[in-house]
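The values are calculated or read from the model by the stated rules, or taken from the named source; none is laboratory data. Because the structure is a prediction, the values reported are computed rather than measured. Positions of Cβ are backbone-derived with ideal geometry, glycine not excepted, and every protein chain shown enters the neighbour counts. With ligands, DNA and RNA removed, areas are computed over all heavy atoms of the protein, side chains included. Shrake-Rupley method; radii C 1.70, N 1.55, O 1.52, S 1.80 Å.
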Amino acid sequence: MESKDILNELDADRTALAKRVKTPWWLAGGFGLMAVTFVISPAFGGNANGVIISSVVMAIALIAVYRARTGIKIAGSGTRPWLIVLSGLVIVLALFSVSLGLASLGLSWWIALPTLAAFAAVASLTFLFTRVVRERIRHVR
């Protein structure tokens, strides 16, 4: 087998692997739900520590199920996907701060707005994360 054939075979394998990197609805919904539980907690006077712990457990479970179903380990996917994760955390923390402010003003019903924004942002970032990972797998040399 020539090196050109080996490279073509490797390219085909990379393309096939990239096709397996998809964002299932439950992954985006699960991460969106984690954001919702965190941002809405001030409306119920909730314990932020409990929400953080349950969110970490849920994130680990979602990632484990995703890896089991796809066979894709997303840990070694470069810096761009992790910048997306960081931006998601910043957005959720900002929306949590808004919720705290609304709760302190007695405007608990208005917490629904930052809660919906948190779900939309995190679900969208989940789709973006997997798209960036897919492109990295497809074009890595």
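Overview of results
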quantity	calculated
Candidate set: the stretch 16-26, residues that are modelled with pLDDT under 70 and part of a helix (DSSP H, G or I); chosen: the one surrounded by the most Cβ atoms within 10 Å (Cβ to Cβ)	A18
Per-region count, the stretch 108-127, residues over 17 Å from the mean Cα position of the chain (by Cα) and surrounded by 13 or more Cβ atoms within 10 Å (Cβ to Cβ)	6
Enumeration of residues in the stretch 87-107 that are part of a helix (DSSP H, G or I), open to solvent by 50 Å² or more (accessible area, probe 1.4 Å) and either of a type outside the set (A, V, I, L, M) or closer than 18 Å to W26 by Cβ (or both)	S97, S104
